[in-house]
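Here is the structure we will look at, set down as structure tokens.
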Amino acid sequence: MGSLNDPGELDSVYPPPSFDEFQRQTSLMTSCTLLWKELSDHFTSLEQDILKKSETLKSQIQTLDSQTKQSLQVLEQRESSMNETLSIALTKVVENKKAAIFALNEGAEQPEVDDSTGLLLKLKGFCVKMDSTSFWNFLVMKKKDLDSLRVEIPKALAECVDPPRFVLETISSVFPEDKRVNERNNDLGWACVLMLESLIPVMMDPVLGNERKLVTPSMKDKANEIAEIWKKSLDERGGIENVKTPDVHTFLQHLVTFGVVKDEDFDLYRKLVVGSAWRKQMPKLAISLGLGDKMPEMIEELISWGQQVDAVHFTYEVGLADKFPPVSLLKAFLKDAKKAAAAILEDPNNSGRAAHFAAKKEQSAIRSVLKCIEEYKLEAEFPPDNLKKQLEQLEKPRNEKKRSPAAVPANKRTRASNNGHMPPAKAGRSTNAYVSSFPVRSPPHTQYPAAVPTFVRSPPHTQYPAAVPAYVAPPAIYGNRSPPYPYSPEAAPYPGTPVNYSPYGGYSNGMAPAYQQAYYR
């Protein structure tokens, strides 16, 4: 029988646990607990993210289903309305055709144009006969009656057998290429834009309104061909930099009217819009052309060119006033104008009329800003009182000069013998060299250039050159960047008084007045 082990021997084989070992085990348990909790939180977060994404996907699927249903309903409505639309259109064409045949056979005399009724009858007479040449000649002569023409032309176009064809034939002498020989100096872009604008309500679907345009595929192809011809002619005109603004406006309005906008030409459209940004229709035309996503870039480009007032109009058109604060832009515009005016006064080459030009520059800038403040209700953020006082101070010398009696200059050509006057000297020769209207990029705030402007972009607030021409006041409605151009379907550029009008007020040809006004102002 073996002897029992000695307790001392057991202690030597298995020594008792120490306190350090206990702490190590405790630390290990704590680490495992923390690691487990971290992993648990991580998986919980992943689960929540998956649930959120799942909910988002469900919401997107529901939205997509709803949009699909709406699109299908619209397609069904368009398809079901096709027969009714075609029936109405065919009836209208037959009626217009009978009226045209009757008018040609009877040879009715044209009425006198002494009021809006006579004007409408005159225009209808041309439209019924599809006499585009006579219509165009009459329209050009009546440019002083633009307000009446704007109202009556859509009504007259509704009497055409084929309104889109009639409009394209009417403006074909100047768009897409000017075929005139002796009168190319007379810009008729205003008439082209007016015709293209007036065509829009006429082409509206009688059932769906502006959701569908009544234009045949052949006429749409013709409109697209015209747009391509105009684009190809840009090289002959000297490129985008040298094309005249009336031509640009006509081209862009043509695209919108006939719906022949192309995605691949967006960069061209952007350059054209920015180059003619001072026209009040350009922000809305840009939206209609699909340039809404490029508006921030365009606004930044206008700001870099010193065209802050134009940038303000673009900003409000797309709701970016928070990103581009209008008050800051207007103050920067005034600051730049003041610097440009000071530069004119400091230039030793600009003697004599330098003070006059500097004052005109500041006056023009202040009027532009005051108009913006009034239009966009910025009085609380930018009180106009100080600006009005500055404007009065700048205009005061000119007003005093007008009130002062003019000194009668002595006639040097006086006969000494009998105090009789010599025959008047021959008038100095006046050059009638043509200066094409509306350069695409004229320097902001530069009102009276010394020489014939070249159609290239110029830096903002360009200083006046040494040779200062005699001052000839331009038409008041065009402000400081508009050469004389007798067109008022557009609202006047700043700082002139804009022409606010209802594009087709009183339109009553039986079609619903629900046409798109995205590009009218």
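Take region 207-349 with all the other protein chains still there, run a 1.4 Å probe, and you get 40 Å² of accessible area per residue. Inter-label distance, ASN242 to LEU28: 8.9 nm, where each label sits 7 Å from its Cα along the C-beta direction. What's the local net charge at LYS124, with K and R +1, D and E -1, over the other residues with C-beta under 10 Å away? Once all neighbours under 10 Å are counted, the net charge is +1. Extension gain, VAL181 to LEU57: 0.36 nm times the residue separation minus the Cα-Cα distance gives 38.2 nm. Computed about its Cα centre, the charge dipole of region 329-382 is approximately 120 debye, with only Lys, Arg, Asp and Glu carrying charge at their Cβ.
Across all directions, the average projected area of the convex hull around the alpha carbons of region 283-401 is 8.6 nm². Three semi-axes describe the equivalent ellipsoid of region 234-337; taken as square roots of 5 times the Cα gyration tensor eigenvalues and ordered largest first, they are 24, 16, 11 Å.
Which Cα, out of ILE344, TYR316, VAL248, lies furthest along the positive dipole direction of region 239-356 (beta carbon charges, K/R +1, D/E -1)? Final value for the positive-end residue is ILE344. Take the convex hull of the alpha carbons in region 44-183; its mean projected area over all directions comes to 15.8 nm². Each Cα pair of region 176-278 feeds into the Kirkwood radius, which the Stokes-Einstein equation turns, at 4 °C and 1.567 mPa s, into a diffusion coefficient of 88 µm²/s.
The Kirkwood hydrodynamic radius of region 343-397, based on inverse pair distances between different Cα atoms, is 12.4 Å.
Averaging 1/r over every pair of different alpha carbons in region 137-181 and inverting the result gives a Kirkwood radius of 11.7 Å.
Exposure check, 1.4 Å probe, all protein chains in place: LEU46 carries approximately 70 Å² of accessible surface. Measuring between their Cα centroids, region 125-183 and region 215-247 lie 19 Å from each other.
When the solvent-accessible surface of protein heavy atoms is calculated with a 1.4 angstrom probe, in what order do ILE153, ILE101 fall, highest first?
ILE101, ILE153
Accessible surface ranking for PHE314, PHE19, 1.4 angstrom probe, highest first: PHE19, PHE314. In terms of packing, defined here as the mean over residues of other Cβ atoms within 10 angstrom, the peptides 281-288, 92-99, 24-31, 144-151 line up highest first as 281-288, 144-151, 92-99, 24-31.
Enter the mean projected area of the convex hull around the alpha-carbon atoms of region 167-233, in nm², rounded to one decimal.
5.1 nm²
The values are calculated or read from the model by the stated rules, or taken from the named source; none is laboratory data. Predicted model, so just to flag it, every value in this text is computed and none were measured. A quick note on method: Cβ atoms are made from the backbone with ideal geometry, for glycine too, and the neighbour counts reach across all protein chains shown. To get the accessible areas, we keep the full protein, side chains included, count just its heavy atoms, and leave off ligands, DNA and RNA. Shrake-Rupley method; radii C 1.70, N 1.55, O 1.52, S 1.80 Å.
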